[in-house]
Amino acid sequence: MKRINIILLAIVFTSLSYFSFAQTSTFTTYAVASQQKQGTMNVQYHNNFPFAYTNADGEVTGIEIDIIKQFAVWLKIKKGIDVKLEFERHDDFAKFYEKVKITKMVSVGAGSVTVTQDRAREIKFSSPYLKNKPVLVSSILKSTLTDLRNISKEFNGMTAVIVKGSVHEKLIKNIKDNYWPDLKIELVETPAVVLDKISSSNKYFGYLDLISYWATIQKESKPIKIHRATPFDTEYFAFIFPKSSDWSAAFNEFFDGGLGFPASDMYFDILRKHLSSELINSVALTY
């Protein structure tokens with residue numbers, strides 16, 4: 001009897017191991033999908049409202065997800081390719097980014113990833129799909145910071161809280177190197193954690209993307225504010241691909257062909273679905 005139980009456990013373990021592998025290995029290259037006129041895209045996404053998230057009905061949605069779904073529609077209409085989208089969620093940005101970077105079986109990553117030269121050496125970027133601006137956020141109780149050179153004095157005793165692996169790490173490091181050598185920095189997994197810490201204590205401050213900040217104040221009232229002492233050049237969000245991926249070329253054809261997807265009515269329909277009109281004017285790509 002004991003031997004039978006061991007054998008059954010071995011069979012169950014093997015089956016579960018195979019299922020787990022199947023869940024992460026479903027993947028078709030674009031070359032194969034183009035030849036066979038069908039395929040599967042493995043979509044890794046970072047759970048971050050309103051970019052990519054699961055709604056109350058259990059549906060994966062968001063700005064990035066809806067754009068990827070339109071890419072699948074474009075493949076069917078323009079290329080005659082039927083594509084199945086398989087989504088894998090991540091609640092940790094750094095782990096999401098690493099998964100896309102090192103896993104050849106990933107088709108595309110959706111993580112509100114800011115385009116940088118350093119990242120471009122590690123992964124492929126799509127054409128940008130949205131503009132971005134980082135904002136410095138603190139408790140509403142803090143006096144407004146008007147000059148970044150005074151941050152160590154005016155934010156004395158505070159700790160910077162930043163999403164690990166995000167471009168905001170570099171911004172905080174710049175403050176530490178140039179204005180505040182003793183600055184304490186706490187790294188967390190998601191923008192939601194950054195907001196929770198800042199809104200629950202006037203001992204924290206940090207950087208967020210403008211859209212993440214807007215999304216939070218739309219969903220609930222939090223005692224937080226932004227400081228305008230840190231002007232930055234416009235940044236851009238894009239989708240990411242492993243260096244070995246051949247899906248990026250097709251994705252960029254979808255984005256840039258003709259007048260380009262960002263010039264289409266569907267692009268603005270997606271933005272209107274997830275953002276307010278005043279924010280769209282600040283972040284939408286224009287030509």
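A short reminder: the numbers here are calculations on the coordinates, not readings from a lab. The model shown is predicted, which means the values in this text are computed figures rather than measured ones. Note that each Cβ is placed from the backbone with ideal geometry, even for glycine, and that neighbours are counted across all protein chains shown.
Some values worked out for this structure:
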read-out: Length-normalised contact order for the stretch 133-287 - Cα pairs under 8 Å, 6+ apart - percent; value: 31
read-out: Kirkwood hydrodynamic radius over Cα pairs of the stretch 134-227, then Stokes diffusion coefficient at 4 °C and 1.567 mPa s, in µm²/s; value: 99
read-out: Charge-dipole axis of the chain as Lys and Arg at +1 and Asp and Glu at -1 on Cβ define it, positive-most pick from Tyr236, Val106, Ser248; value: Val106
read-out: Length-normalised contact order of the chain in % [C-alpha pairs under 8 Å, at least 6 apart]; value: 25
read-out: 3J(HN,Hα) from dihedral phi, the stretch 204-213, Karplus parametrisation 6.51/-1.76/1.60, rounded to Hz, x for glycine, proline; value: 10, 8, x, 9, 9, 5, 3, 5, 4, 5
read-out: Pairs beyond 21 Å (Cα-Cα), from Lys76/Lys131; Lys164/Lys219; Lys153/Lys225; Lys131/Lys170; Lys95/Lys184; Lys99/Lys164; value: Lys76/Lys131; Lys164/Lys219; Lys95/Lys184
read-out: P(r) of the chain over all Cα-Cα pairs, binned every 10 Å from zero, in whole percent; value: 6, 26, 31, 20, 11, 5, 1, 0
read-out: Ordering of 95-105, 54-64, 176-186, 237-247 by packing [mean C-beta count within 10 Å, highest first]; value: 237-247, 95-105, 54-64, 176-186
read-out: The stretch 113-128 - phi-based ³J(HN,Hα) in whole Hz, Karplus 6.51/-1.76/1.60, Gly and Pro as x; value: 8, 6, 6, 9, 5, 4, 5, 5, 7, 10, 9, 9, 9, 7, 4, x
read-out: Computed helical MRE - 222 nm, the chain, DSSP H runs ≥ 4 contributing -39500 (n - 2.57), nearest 500; value: -12000 deg cm²/dmol
read-out: DSSP-defined beta bridges in the stretch 134-227 - what % are antiparallel, rounded to 5; value: 55
read-out: Unit charges on C-beta of K, R, D, E only; dipole of the chain, Debye; value: 520
read-out: DSSP-defined beta bridges in the chain - what % are antiparallel, rounded to 5; value: 50
